[in-house]
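Colleague: This is the structure I want to talk about, given as structure tokens.
We did not get these values from a lab; they are worked out from the coordinates using the rules stated. It should be emphasised that the depicted structure is a prediction, and the values quoted were computed from it without experimental measurement. Methodologically, a virtual Cβ is constructed for each residue, glycine included, from the backbone with ideal geometry; neighbour enumeration extends over all protein chains shown.
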Amino acid sequence: MQKTLSESKRCSPITVKSLPVRSNHGPAALQSPSNRAEQRSCPQWRRANMALMELASLEKSLGFKKANKYSTQGNNKTPILQSNKGAPLIGLVTIASHLVQEAAQPELLGRTAEQRAVVRQWLEYRVTQLDGCPKEDIRSILKELNQYLEDKVYLAGSDFTLADILLYYGVHHIMADLSVQEKEQHMNLSRWFDHIQHYPGIRQHLPLVVVLRNRLYTGGHH
Amino acid sequence: MSEMKLFVSDGNPHCLKVLAVAELTGVKCDICHASDDERLVPFLSHPVRPVLLLPCGQHLFKANPICLYFLEVSGRDVCDLTSQWLEWEAAELQPALMQALYQCVLLGKMTEAANTLEGHLTYMEQRLSKGATPFLAAEEATVVDIVLWAALYPLLSNSSFLPDKLQCVARWFEQVNALPVCQTVAQRVQQQKSLESLKRFLQKQPLPPARCRNAPLCNRAEEEDAEREMTDEEIQAAGATWSRGLADRPTPAERRHPILPQEGKRNVLITSALPYVNNVPHLGNIIGCVLSADVFARYGRLRGWNALFVCGTDEYGTATENKAREEGLSPQEICDKYHAVHASIYKWFQIDFDHFGRTTTEKQTEIAQDIFWRLYDRGFLIPDTVDQLHCENCQRFLADRFVEGICPNCRYPEARGDQCDKCGRLINAVELKDPQCKVCKRTPVVRSSAHLFLDLPKLESQLEQWLEQSMSTGNWTSNARHITRSWLRDGLKPRCITRDLRWGTPVPHPDFSGKVFYVWFDAPIGYLSITASYTDEWEKWWKNPEKVELYNFMAKDNVPFHSVVFPCSLLGAQDNYTLVSNLIATEYLNYEDTKFSKSRGVGVFGDMAKDTDIPSDVWRFYLLYLRPEGQDSAFSWADMALKNNSELLNNLGNFINRAGMFASKFFEGRVPQMELQQEDKRLLAQVGFELRQYIQLLDRVRIRDALKCILNISRHGNQYIQVNEPWKKIKGGDEDRLRAGTVTGVSVNVACLLSAMLRPYMPAVSATIREQLCAPANCADAMFQGAGSFVCTLPAGHRIGTISPLFQKLEAEQIESLKRRFGGQQIQSAAPAAATVPASPSATIETSANPERAKQLLQEVAEQGDRVRALKAQKAEKTLITAEVAKLLQLKKQLAAAEGKNPEPSPQKGKKK
């Protein structure tokens, strides 16, 4: 399994491009048109842009009427929310949790102390393990998530939470690059991903990733 | 709740977090120590700790969520600020922290670790200093403080880790560390041999990812400084300061020798490590001690301190005896010869000593013997017999550098009898594996001899007390602190202060007649004796700890002798000596990514710098620009050319020249009338800010960093001229002409300030600028008072002199030829032929003819020929002669190639193949 994802994509019998839906949604759809081309190649910028778009989408999902304004700081382009009451909030997880509270949907952070801990854990997983993850580690992350989701509907068990939303945003660019075969190999993850992207109001700015429900590769291992 | 199981392992800082928070919140859970390798969480690919197994069967595998869970279970809420700090800890601090722990604990590079964390710790410092509360999130310690304390504990529990400027972080850490919960948990961890287990923990972690290795966070601070926006108040204040002008400041008094401490003045005694006489110093030696000390001494004089700068050659010891035998001279003759060599090199580098003396003087004997008797009478010297290596063939004891062998610690094959160059540890010669007499290459035998030892363990508590005080009040570079602490941590042992040699200060005790003092006992006393040769009233400097501040400059390998061994001698002598209060140690300077090596002829040595036709000031600039402050740096020819052309010529020189030229071309050589507008005042504010930075940095002996302030000012200046275009405005109407005048006048004044700021770094260039601008003698003095103020020193109407360019371009060909010349082989040394192999013939023989190189080689061949003849006449060792002959043949071959002839196939080369 030393092959990188792009390599295995090249070797797979059916190339991704031959699938009709995928070709309509290049990653370019992620970027807002006002940004200059050279910025797009910078990983920090991409990450920052991603985080800001996510927050905007989250606001819409939560039913905010007016969009907040965000800025970024530091090398990692950590998002900042400047609120008119009190100190600014820094960090994707902190801001997202704050928005959920403001929208009076605290159940999205978990209903019990245990569930809240699990939600927090996956939110931290998102910003520490998934973001900025080197290419060679992507495979082990997919494997971990796939295994974890084997007996679960959502990350926190049977309830939909903020962890699902932010992890969905976080793995979207990885899922979009997977071949059909790879998606099949990570069946539980793909199932969860497909479920979340069809969850009302969540997908927002992101293009749909096609996940086939019937298996093409029988005998494939997962 | 008792069904919860918490799995922890030793040495893992994350486990420290959860244990402390469990303690804080009083949550009960079963604590299990599980082996690190056991996979507790079925879906994770790597084993992690801590893991909390919840009653429902779920695993929590991240420390911060576990901590917050404990908090909630104990009935408290998690607020945004708590969440924010923990997110910062996990996402921003941890990657850098892992990198820093790796550097500090596994590589032993504490300074680098501190640099890695600088940005993050500065962030904490800002939050703490700006925040209204003593702790990070509230009036009292919360889970946030505990988590950050635990994360930083492995590094910050070493009190010398934090740089002085991070006072709030230091205070915060101390307070949190003193909390009962932290104490309890830290003790529990301590008992488990924390360091060893931390090492094991770190070894199991993946290497820190490249993105944190390559993107140093400390750059952030620099960027911010460069783009610092001036506030309106700052701009207005700068304008007011400027208009104060010179007033009627008295001209500073000339230096008058002898300089003695004065009442009511800051009395600063500056020493630089005494260079060993038998070596021609290389660039690394020069930047490490004399040049750094010179910059600081010049700066001190500029600040109006009463400064005395002394240095001299260290002349006693085995190496001198060795050298004398090699050159067929007496040790005294060798010292005389090389002392002159040193003095002339330092003169060329414009090192402005108040006195440059030597250790082979009457005063040295007198003072060293006095200290000896005082130590002896007070019972700090203990006699013992020592097993020493004795060469039967050469009929003498092989102390120190007369013997080489394999290092018992790191197995470096060329360890010397006193210290290993590789691992830096001190060695007892008999511990060397496979020892060899350096002269005859035979194996020596062990014989015993009676010696005296300085009883360091007896002085240890006194030393620690003094160190505590000196380090907390003075400027000690972090490597100096670190090296000293590690010496103390390993425990002090008695150290031998006598040697069976002839060339040294004689031991006055009759039982030890015929022996001399060991050079490390003797050499630092040279500071005192050299001052005594300068003035009879030397004791006013050296026995005056209340009124004198002592600054020692050195490279880091010299630290233990200045911070432990020598202070112990002086403390034990109980004669109210002035001890070091500021110990400034540099890291190493490498040469083009390799080491300076005398034996391999690699690198630029002090006496060759002047043959490069590059001015002394440019050498000084470049060496100071890459002064190994905080980490090793490397000299590179290409970089030197780049810095000369970009920084000196295009930035600094360009600005000063343009400013002067506008004044002389457009305003008949007079400073024009100035009417300051907002834009001009903004420049004044920027320049004033850099000046204050410069003073703050140099006060803390951050010599390299302060140099950047100078270059920042001229960058601002260039921009200012570029934007305002005085050369166009001068052709316009009255208003435009006034504008051109203001810009020119302000620029000329900035140039005048630059001449003052350059004085410690580039004294000749500084003097030239002063001359060209006809600057008043008291101008530097006025601007360097207190925190520093940029005032108008050249008022309207002031007449300036003739302006001419200050710097010259270094051309690529010139640099290429220098690189070739100094790449290797240029020094004929007594090293065996094997050592010259790295600069192999294939590397040095050029394929095409090179007349310049040929001329130089011709000279070298002649010199080498002389050397061989001299050696043969002296009936020197056969191996030595063979080595020199081989080198001669090599040179002849290179000469043939450089002259465009085919090098004759040499028999030696044939054999190798």
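Colleague: Summing Lys, Arg as +1 and Asp, Glu as -1, what charge do residues with Cβ under 14 Å from the Cβ of B:Glu23 carry, B:Glu23 excluded?
Modeller: Local net charge: +2.
Colleague: Please pull out the direction-averaged projected area of the stretch B:727-777, using the convex hull of its alpha-carbon atoms, in nm² to one decimal place.
Modeller: 4.0
Colleague: Could I ask something else about it? Considering only B:Gly312, B:Tyr338, B:Gly379, whose Cα is most displaced toward the positive end of the charge dipole of the stretch B:301-401, charges sitting on Cβ of Lys, Arg (+1) and Asp, Glu (-1)?
Modeller: Positive-most Cα among the choices belongs to B:Gly312.
Colleague: Lys and Arg at +1, Asp and Glu at -1: add these up for the other residues within a Cβ distance under 12 Å of B:Gly57 and post the number.
Modeller: Residues close to B:Gly57 contribute a combined charge of -2.
Colleague: How large is the direction-averaged shadow of the alpha-carbon convex hull of the stretch B:484-633, in nm²?
Modeller: Hull-based average projected area comes out at 13.0 nm².
Colleague: What is the pair-distance distribution P(r) of chain B, computed from all Cα-Cα distances in 20 Å bins starting at 0, with each bin given as a whole percent?
Modeller: Whole-percent P(r) values from 0 Å outward: 12, 37, 36, 15, 1.
Colleague: Compute log10 of I(q)/I(0) for the stretch B:642-783 with the Debye formula, placing one identical point scatterer on every Cα and leaving out solvent, at q = 0.11, 0.12, 0.16 Å⁻¹, to two decimals.
Modeller: Once normalised to I(0) and log-transformed, intensities are -0.39, -0.46, -0.82.
Colleague: Under 19 Å from a label point 7 Å along Cα→Cβ of B:Glu771: give me every residue in the stretch B:739-760 with its amide N that close.
Modeller: Answer for the stretch B:739-760: B:751-760.
Colleague: For an R0 of 30 angstrom, estimate the FRET efficiency from the Cβ-Cβ distance between A:Gln101 and A:Asn188 and round to the nearest 0.05.
Modeller: 0.50
Colleague: Compute the projected area of the convex hull of the Cα atoms of the stretch A:26-197, averaged over all viewing directions, and report it in nm² to one decimal place.
Modeller: With every direction weighted equally, the projected area is 10.8 nm².
Colleague: Here's something else I'd like to know. Report the Cα-based extents of the stretch B:555-632 along its three principal axes, largest first, to the nearest Å.
Modeller: If we take the Cα atoms of the stretch B:555-632, the spans are 51, 27, 24 Å.
Colleague: Further question on the same structure: Just order B:107-114, B:305-312, B:858-865 by mean Cβ neighbour count inside 10 Å, highest at the front, would you?
Modeller: Ranking, from highest mean packing down: B:305-312, B:107-114, B:858-865.
Colleague: Let me ask something else. Mind grabbing the base-10 log of I(q)/I(0) for the stretch B:231-274 at q = 0.20, 0.33 Å⁻¹? Debye formula, identical points on the C-alpha positions, no solvent, two decimal places.
Modeller: Debye curve over Cα of the stretch B:231-274, log10 I(q)/I(0) at q = 0.20, 0.33 Å⁻¹: -0.82, -1.16.
Colleague: Additional query: Could you tell me the extents of the stretch B:5-221's C-alpha atoms along the three principal axes, largest first, rounded to whole Å?
Modeller: 47, 38, 31
Colleague: How far apart, in nm, are two points set 7 Å out from the Cα along the Cα-to-Cβ line at A:His198 and at B:Lys731?
Modeller: 7.5
Colleague: By the gyration tensor of its Cα atoms, with a ≥ b ≥ c the square roots of the eigenvalues, what is the shape of the stretch B:365-499: rounded for a/c under 1.5, prolate for a/b over b/c, or oblate?
Modeller: Oblate.
Colleague: Rank by packing, highest mean first: peptides B:3-12, B:662-671, B:83-92, with packing defined as the count of other Cβ atoms within 10 Å averaged across residues.
Modeller: B:83-92, B:3-12, B:662-671
Colleague: How large are Rg and Dmax for the stretch B:279-421 when only the alpha carbon atoms are used, in Å?
Modeller: When restricted to the Cα atoms of the stretch B:279-421, Rg and Dmax are 19.2, 59 Å.
Colleague: For peptide B:82-94, compute the average count of partner chain beta-carbon atoms within 10 Å of each residue's beta-carbon.
Modeller: 6
Colleague: Across the stretch B:387-454, how large is the tail of the calculated P(r) beyond 20 Å, expressed as a percent of all Cα pairs?
Modeller: 22
Colleague: Counting DSSP beta bridges with both partners in the protein assembly as shown, what percentage is antiparallel, nearest 5?
Modeller: Rounded to the nearest five, the antiparallel share is 55 percent.
Colleague: Find the relative contact order for chain B and round it to a whole percent, using C-alpha pairs within less than 8 Å whose residues are 6+ positions apart.
Modeller: 11
Colleague: Let me ask you something else. Pop a pseudo-label 7 angstrom from the Cα along the beta-carbon direction at both B:Ser157 and B:Arg171 and give the gap in nm to one decimal.
Modeller: Each label point is offset 7 Å from its Cα along the Cβ direction, giving 2.5 nm.
Colleague: For B:Lys547 and B:Gln465, FRET efficiency with R0 = 30 Å and r from the beta-carbon atoms, rounded to 0.05?
Modeller: Once rounded, the FRET efficiency stands at 0.90.
Colleague: Mind scanning B:Lys323/B:Lys433; B:Lys422/B:Lys540; B:Lys337/B:Lys458 and naming the pairs with a C-alpha gap bigger than 32 Å?
Modeller: Table pairs above 32 Å Cα-Cα are B:Lys422/B:Lys540; B:Lys337/B:Lys458.
Colleague: Here is a follow-up. Using a Förster radius of 41 Å, what is the FRET efficiency between A:Asp177 and B:Asp699 based on their Cβ-Cβ separation? Nearest 0.05, please.
Modeller: 0.15
Colleague: Give the share of C-alpha pairs in each 10 angstrom bin for the protein assembly as shown, from 0 to the last occupied bin, in whole percents, shortest bins first.
Modeller: 2, 8, 14, 17, 17, 17, 14, 8, 3, 0, 0
Colleague: May I pose another question? Quick one: if you stick a label point 7 Å off each Cα along the C-beta vector at B:Lys199 and B:Val723, how many nm between them?
Modeller: Between B:Lys199 and B:Val723, the label points sit 5.6 nm apart.
Colleague: Okay, moving on. 222 nm [θ] for the protein assembly as shown, helices only, -39500 (n - 2.57) per DSSP H run of 4+, per residue, to 500?
Modeller: -14500 deg cm²/dmol
Colleague: Which order, highest average first, do B:54-67, B:678-691 follow once you tally other Cβ atoms within 10 Å for each residue and take the mean per peptide?
Modeller: The densest-packed peptide leads the list: B:678-691, B:54-67.
Colleague: Sticking with this structure for a sec: In the neighborhood of B:Ala34, defined by Cβ-to-Cβ distances under 12 Å, what is the net charge if each Lys or Arg adds +1 and each Asp or Glu adds -1?
Modeller: -2
Colleague: Where in the stretch B:774-802 does the label zone of B:Gln673 land, with the point 7 angstrom along Cα→C-beta and an amide N cut-off under 16 Å?
Modeller: B:795-798
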